[in-house]
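The values are calculated or read from the model by the stated rules, or taken from the named source; none is laboratory data. Note that the coordinates shown come from a computational prediction; the quantities given were computed from them, not determined experimentally. Heads up, the Cβs are rebuilt from the backbone with ideal geometry, glycines too, and the neighbour counts pull from every protein chain shown. The area values use the complete protein model at the heavy-atom level, side chains included, leaving out ligands, DNA and RNA. Shrake-Rupley method; radii C 1.70, N 1.55, O 1.52, S 1.80 Å.
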Amino acid sequence: MSTEKSEAIVIRQADFSESSRVVTLFTREFGKISCLAKGAKRLRNAFEGSLDLLSECRIVFIRKQTGGLDLLTEAQLVQRFQPASKSLLHLYGGYYIAELLNSLTEEHDPHTELYTSAAHALESLSSPQSPVTAIFRFELTILYEIGQLPDFRTCTICHSTISLDDQSRFWVSESGLICSRCGHSDYQQSAIESGTIAVILKLIESDIAKLDRLVISDRQSKEIRRILNAIIASILGRRPKTAALLKF
């Protein structure tokens, strides 16, 4: 057993006993971990309210070498998740991020960039601005980090570069794009505006600071939502439960 320290985001909680909880954390250095937090349900406990869902904290835990739960020994609150006032969309966006982190990542598989993206997305959801851009950016980042992000520049069939003036299609079963030349009625596919592909590429490639100025039309938002829903559902074999709460 070894003692480790890390920054972490609380992504799930479950009761373990009358006084303790199992807490799932997505950490900067170690990826997703599951820890036993002894005494966490007591009114007065050693964790000082730092284990609320989506809170960011600094933790100390004892890592078990032979499997089983790690043991959480300390947690110091850095920032509590506070969604924009009276906005259910901002609140549900946070729940959705937690579900994706829990469902799409493996135990003890670190992704530093994904941690940074999640923390930034939660910070954005605490502001009154629209959460759409932050959620899309996070989804694309997690798909990239787990090796499941489609190539939005190349045709899945002929591997030619897709120009933005081409009427491309999204091929559902292969989670990729098809150029107009390769489109076939046998494929389960749906048309995508060239402007939507351009927005997706900006979401993937632009610095986070520049995305505050990115304008996404309602039609583009709906197309991106449809594409990302299809990709994530294909990976999980189901649609995330909280996805239905995101009304955009």
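Please determine, by comparing only the residues of segment 184-193 that are open to solvent by 50 Å² or more (accessible area, probe 1.4 Å) and assigned to a loop (DSSP other than H, G, I, E, B), which one is modelled with the highest pLDDT. Give the derivation first.
Step one: list which residues in segment 184-193 are open to solvent by 50 Å² or more (accessible area, probe 1.4 Å), which gives 184-189, 193.
Subset that is assigned to a loop (DSSP other than H, G, I, E, B): 184-188, 193.
On the way: His184: 66, Ser185: 61, Asp186: 61, Tyr187: 62, Gln188: 63, Glu193: 86.
Step by step, filter segment 184-193, then rank; the result is Glu193.
Only one residue in Thr141, Thr196, Thr242 is among the polar types (S, T, N, Q), part of a helix (DSSP H, G or I) and under 23 Å from Thr112 (Cβ atoms). Which one?
Details: Thr196 fails: under 23 Å from Thr112 (Cβ atoms); Thr242 fails: under 23 Å from Thr112 (Cβ atoms).
After ruling out the rest, the residue left standing is Thr141.
Just to be sure, is Gln129 in a loop (DSSP other than H, G, I, E, B), farther than 17 Å from Leu228 by Cα, of a type in the set (S, T, N, Q) and in contact with a Gly (Cβ under 9 Å, 6 or more places away or on another chain)?
Spelling it out, it is not the case that Gln129 is in a loop (DSSP other than H, G, I, E, B), farther than 17 Å from Leu228 by Cα, of a type in the set (S, T, N, Q) and in contact with a Gly (Cβ under 9 Å, 6 or more places away or on another chain).
Quick one: is Ala118 more than 23 Å from Lys202 (Cβ to Cβ) and either part of a strand (DSSP E or B) or touching a residue at least 24 places away in the same chain (Cβ under 8 Å) (or both)?
Here the answer is no, as Ala118 does not meet what is asked.
Restricting segment 65-77 to residues that are modelled with pLDDT of 90 or more and of a type outside the set (D, E, K, R), which is nearest to Leu104 (Cα to Cα)?
For segment 65-77, the residue satisfying everything is Leu69.
Filter segment 83-115 for residues that are at negative phi and not in a helix (DSSP H, G or I) and give the result.
Residues satisfying the conditions are Pro83, Ala84, Ser85, Ser87, Thr105, Glu106, Glu107, Asp109, Pro110, His111.
From the set of residues in segment 38-64 that are open to solvent by 10 Å² or more (accessible area, probe 1.4 Å) and modelled with pLDDT of 90 or more, which is nearest to Leu100 (Cα to Cα)?
So the residue we want is Leu53.
From the residues in segment 83-122 that are surrounded by fewer than 16 Cβ atoms within 10 Å (Cβ to Cβ) and over 30 Å from Thr3 (Cα atoms), which one is modelled with the lowest pLDDT?
Out of the qualifying residues, it is Ser85.
Being over 21 Å from the mean Cα position of the chain (by Cα) and among the hydroxyl-bearing types (Ser, Thr, Tyr) is the filter here; which residues of segment 33-49 pass it?
none
Out of Ser163, Ser173, which single residue is over 22 Å from the mean Cα position of the chain (by Cα) and of a type in the set (S, T, N, Q)?
Criteria check complete, one pass: Ser163.
Against the definition (among the small types (Gly, Ala, Ser), at pLDDT 85 or above, under 19 Å from the mean Cα position of the chain (by Cα) and part of a helix (DSSP H, G or I)), how does Ala134 come out, yes or no?
Here the answer is yes, as Ala134 does meet what is asked.
Within segment 144-183, can you find the residues that are within 23 Å of Ala233 (Cα to Cα), at pLDDT below 80 and open to solvent by 60 Å² or more (accessible area, probe 1.4 Å)?
Within segment 144-183, Ser173, Glu174 meet the criteria.
Going by what's in this entry, would Ser127 be described as of a type in the set (Gly, Ala, Ser), farther than 29 Å from Ile11 by Cα and in contact (Cβ under 8 Å) with a residue 40 or more places away in the chain?
So Ser127 does not fit the description; no.
State the number of residues belonging to segment 9-23 that are out of contact with any Asp or Glu (no Cβ under 7 Å at 6 or more places or on another chain) and buried (at least 20 other Cβ atoms within 10 Å of the Cβ).
Applying the first criterion (out of contact with any Asp or Glu (no Cβ under 7 Å at 6 or more places or on another chain)) to segment 9-23 yields 11-20, 22-23.
Retained after the next criterion (residues that are buried (at least 20 other Cβ atoms within 10 Å of the Cβ)): 11, 23.
Count: 2.
Looking at Ile208, Ile204, Ile232, Ile224 in this structure, which one is closer than 19 Å to Gly94 by Cα, touching a residue at least 60 places away in the same chain (Cβ under 8 Å) and surrounded by fewer than 21 Cβ atoms within 10 Å (Cβ to Cβ)?
Values: Ile204 fails: closer than 19 Å to Gly94 by Cα; Ile232 fails: surrounded by fewer than 21 Cβ atoms within 10 Å (Cβ to Cβ); Ile224 fails: surrounded by fewer than 21 Cβ atoms within 10 Å (Cβ to Cβ).
None of the others qualify; the one that does is Ile208.
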